[in-house]
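Here is the structure we will look at, set down as structure tokens.
Each reported figure results from applying straightforward, stated rules to the coordinates on display, with no laboratory input. On a predicted model such as this, the values are computed, not experimentally measured, just so you know. Here the Cβ is made from the backbone with ideal geometry for all residues, glycine too, and neighbour counts use every protein chain on show.
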Amino acid sequence: MLKKDVTLALNYALTKGFQIHPDALKILEDIDSRQLQQIIKDIVREKTKQKMFLINQDDLESFLGIKEDENLQNEHKILFDPTPKITSAEGVDGFNALFASRFSKLKKIISIRPEANQLKSIASVIATKSDSDMYVCGLVSSRSSERNITKLVVDDQTGSIEAIVFDNELQKIANSLLIDQFVMLRIVVGKNGGFVAKDIITPDISDRASNRSETETYAVFLSDLHIGSRYFMEDELNEFVSWLSTPDPIARKIRFIMIAGDVVDGVGIYPNQDKELIHQTLEEQLKKTQEILEKIPKNIKVFISPGNHDPGRRALPQPALPKKYNSELWEKENFFMVGNPSMVSLNGVKVMMFHGQSIDDIVKTTPGLSYDKPADVMKHLLRARHLSPIYGSLTPLAPELEDMLTIDEVPDIFHVGHVHVVGLDVYRGVLMINSGAWQKQTPFQASVGVVPTPGLALIVNLKTFKVFSKDFN
Ligand code: D5M
Ligand code: FE
Ligand code: ZN
């Protein structure tokens, strides 16, 4: 069925004696309704002069300057989506399995290091206290600095070991470790019989050349729309969506839009949230989301993963937005709902999407990290090869049998949101993007000192990895 605005525009052309070729219709549907009437009037006037009374696709495309580049590749592949794998085992057993999975996956990653073949269990190292270098690995359960030393406690499945760090450079590395992250330590027995750390090795990622798109296809990175909130920047987001259909040469090359969570503001997410909501139910919020996003041209594929404000479940990994709140959004051919985290390949470029809930816990417990530099936090996640290491703090982790938050496969683009502050950096060949927000500063954010940078669309040329930022404020 045609939209009302399109029908009106068509009727105008028909009353002037024009015929409209069906292939022109799909273009008319993508034109912003505010511009549609005027465009049709202009075309009718031009073609009347030429005494040609058929309007076809070519006429519209050349009139709008949007003749599409047919050679632009727009292939996608969902490489990882937790949604079908989510089981949620329960209780202590479940968490034992989760941590065993984390340990074995990261041990496998670190085993490419030559030192790894000397790894011993913590229990056996404590029992033998050999004179030479010893290697252990495990999860950092605590780190503390006092006077001029740093103490690290590392656990594996056989026990727990405390190692003292004296060296200044090594103390810096020790203090940048995330709680519950996986490390390998080279240790020796100190003079007083305790263990001294001589080296700290993180799983990390190696320097790499990223996969690139063969064509200059562009992708847009968004997050934290917060639709439903009274602070949601509806006009600015609508401006962005209309811009996608303009003749702007960058807009004409966009074939993908990635949205990394907090699509809606949700219901009951924080105390007294209803007073800050314009739409009080998830159904209304997702209906509004659909109304805005469905104006995105059909030749752009949209990938949506959830955040802590979205429906589904709070604990990580999160399944895709449940269909029950708005099946229409789900059924759109160019829309793809995935979980958090997920990995999608765009013309061969691997994009890891993660909302970024863990950043709250990491900023709180890691010296030197802050909300205004989200890319620094993202770098730490890549080094730890884990998206949400800290257990038992603000970010709930589900007791899955498999830890789906380890970074098994290194992405070409690492896309995160949540902090509402735009951040960009490159770490060992990985383009890190924090995509900001489309919500003005909320009273809560003001109270905790979060200063957002909303209304910016970050656009990446998938062939050159050049990043553009377009301001819709
Ligand atoms: O998170 C929006 C921003 O607010 C993000 O920078 C994190 C910050 N935030 C969210 N919850 C907390 C708590 N509990 N303490 C400190 N800072 C927080 P959003 O997910 O959009 O609400
Ligand atoms: Fe958010
Ligand atoms: Zn969030």
Taking the stretch 416-473, the whole-percent share of alpha-carbon pairs separated by over 13 angstrom is 62
Treating cross-link reach as a plain straight distance, find the aspartates and glutamates whose alpha-carbon is under 15 Å from the alpha-carbon of LYS466, omitting any fewer than eight places away in the same chain. GLU214, GLU216, ASP412, ASP425
Go through LYS51/LYS298; LYS16/LYS298; LYS41/LYS470; LYS301/LYS470; LYS77/LYS332 and tell me which ones have a Cα-Cα distance over 22 Å in this structure. LYS51/LYS298; LYS16/LYS298; LYS41/LYS470
If all Cα-Cα distances of the stretch 398-443 are sorted into 5 Å bins from 0 onward, what percent lands in each bin, rounded to whole numbers? 5, 17, 19, 18, 16, 13, 10, 2
Once you have the alpha carbon radius of gyration of the stretch 42-156, what is it after dividing by 2.2 N^0.38 Å, with N set to its residue count? 2.39
With N residues in the stretch 257-310, Rg(alpha-carbon) / (2.2 N^0.38 Å) equals 1.24
Output the antiparallel fraction of DSSP beta bridges having both residues in the chain, as a percent to the nearest 5. 65
Highest mean first, how do 16-22, 87-93, 306-312, 273-279 rank when packing is the count of other Cβ atoms within 10 Å averaged over residues? 306-312, 273-279, 16-22, 87-93
Largest-first principal axis extents of the Cα set of the chain (Å): 98, 49, 38
Relative to the first principal axis of the alpha-carbon coordinates of the chain, what is the inclination of helix 282-293, with its axis defined by its Cα atoms, in degrees from 0 to 90 and to the nearest 10? 60
Between GLN118 and ALA100, what length comes free when the chain is fully extended (0.36 nm per residue of separation minus the Cα-Cα distance, one decimal in nm)? 4.4 nm
Between SER327 and TYR270, the FRET efficiency computed from the C-beta separation at R0 = 35 Å comes out, to the nearest 0.05, as 0.80
Residues with amide H under 5 Å of GLY339's amide H, sequence separation 5 or more or different chain, H placed in the peptide plane at 1.01 Å from N; which? THR83, ALA320
Can you tell me which of 77-83, 386-392 comes out highest on packing, and rank the rest after it, using the mean Cβ neighbours within 10 Å? 386-392, 77-83
Kirkwood hydrodynamic radius, computed over distinct alpha-carbon pairs, for the stretch 305-411: how many Å, to one decimal? 15.0
For the Cα atoms of the chain, what angle does the longest principal axis make with the long axis of helix 234-243, in degrees from 0 to 90, nearest 10? 70
Sort LEU329, LEU225 so the one with the fewest other Cβ atoms within 10 Å of its own Cβ comes first. LEU329, LEU225
Helical mean residue ellipticity (222 nm; -39500 (n - 2.57) per DSSP H run of 4+; nearest 500) of the chain: -8500 deg cm²/dmol
Considering the convex hull of the alpha carbon atoms of the stretch 184-280, report its projected area averaged over all viewing directions, in nm², one decimal. 13.0
Using only the alpha-carbon atoms, how far is helix 33-50 inclined from the longest principal axis of the chain? Give it as 0 to 90 degrees, nearest 10. 40
Below 8 Å, C-alpha to C-alpha, sequence gap of six or more: please give me the relative contact order for the stretch 66-191 in percent. 22
For LEU316, what residues show an amide H to amide H distance below 5 Å, using hydrogens built from the backbone and excluding near sequence neighbours? LEU397, ALA398
Total charge of the residues flanking LYS287 in space, meaning their Cβ is under 12 Å from its Cβ, with Lys and Arg +1 and Asp and Glu -1, is -4
Short version: ³J(HN,Hα) in whole Hz for each residue of the stretch 71-76, in order, from phi by Karplus 6.51 cos²θ - 1.76 cosθ + 1.60 (θ = phi - 60°), x for Gly and Pro, what are they? 7, 5, 6, 9, 8, 10
Computed ³J(HN,Hα) along the stretch 20-31: with the Karplus parameters 6.51/-1.76/1.60, θ = phi - 60°, integer Hz and x for glycine or proline, the list is 10, 5, x, 5, 7, 4, 5, 6, 4, 4, 8, 7
Tell me the label-point distance for the pair ARG208, ARG34, using the 7 Å Cα-to-Cβ offset, in nm and rounded to one decimal. 4.2
Going highest first, how would you order 32-45, 353-366 by mean Cβ packing within 10 Å? 353-366, 32-45
List the lysines whose Cα sits under 29 Å from the Cα of LYS120, skipping any in the same chain fewer than 8 residues away. LYS105, LYS107, LYS108, LYS129, LYS151, LYS172, LYS191, LYS198, LYS379
